[in-house]
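Remarks on the structure that follows.
Here, each number is a calculation from the coordinates, and none is a lab measurement. Everything numeric in this text was worked out from a predicted model, so none of it was measured. Cβ placement follows ideal geometry from the backbone for every residue including glycine, while neighbour counts extend to all protein chains displayed.
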Amino acid sequence: SQELEQSPQSLIVQEGKNLTINCTSSKTLYGLYWYKQKYGEGLIFLMMLQKGGEEKSHEKITAKLDEKKQQSSLHITASQPSHAGIYLCGAVMDSNYQLIWGAGTKLIIKP
Amino acid sequence: DGGITQSPKYLFRKEGQNVTLSCEQNLNHDAMYWYRQDPGQGLRLIYYSQIVNDFQKGDIAEGYSVSREKKESFPLTVTSAQKNPTAFYLCASSSYRGNEQFFGPGTRLTVL
């Protein structure tokens, strides 16, 4: 969706290296969700952010929502093969509560 | 175990045929959703339902139909009116609209 831009589209990272994926909106976000998808499978929920400046971590994955609530980043520390997949951000932009989705970032981990 | 199931995993359809994709959840969620995913694109909402016997069109409802006769079931019919139905279809549910969504494993539909 043009309303929610994800970057980069794809990423190849050496195992053990850190990486960051971004999700940017032109509008203020009511809420921001990060999901992970293995090819040909359903989405797995990672984290949800709602407050400006909020940061959440799970294992080696950290997600942040900026103060203006228009951009979120997903940071993976010391990447592992299990981190490979497609990362999607979804955002609620109005009181209709419909989720708008980014196009996804395909992450490949090189051994 | 609670979760969402979709069937079949793969579906092949001849042009001009209607097909129905199954989605069942045992999470006791009120809201259910159908999305379509195409390569290189984000998920696009086809239909959603917030309560039994009620559903709303999403962004790309043309050529699709749904029903919500039971809380746990939300089948999607892809009709012959859908011009380009080959895609990956994902069903999701949430306790209420706007809350975290749980996804099924998806159905890949191919039109021959």
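The modelled label-to-label distance between residue A:94 and residue A:110, using points 7 Å beyond Cα along the C-beta direction, is 4.4 nm. Each Lys and Arg contributes +1 and each Asp and Glu -1, all at the Cβ; summed about the Cα centre of chain A, the dipole is approximately 200 debye. Which of A:86, A:46, A:96 sits closest to the plus end of the dipole of region A:25-111, meaning its Cα is farthest towards the positive end, when Lys and Arg get +1 and Asp and Glu get -1 on the C-beta? Of the listed residues, the answer is A:86. Take the alpha carbon atoms of region B:25-86, find their center, do the same for region A:1-70, and report the distance between the two centers in whole angstrom. Result: 25 Å between the Cα centres.
Dipole magnitude for chain B: about 320 debye, using +1 per Lys or Arg Cβ and -1 per Asp or Glu Cβ, origin at the Cα centre.
Here the protein assembly as shown is treated with +1 on each Lys and Arg Cβ and -1 on each Asp and Glu Cβ, and its dipole about the Cα centre works out to around 400 debye. Could you tell me the calculated FRET efficiency between residue B:81 and residue B:53, based on Cβ-Cβ distance and R0 = 22 angstrom, to the nearest 0.05? Working from the Cβ atoms, E equals 0.40.
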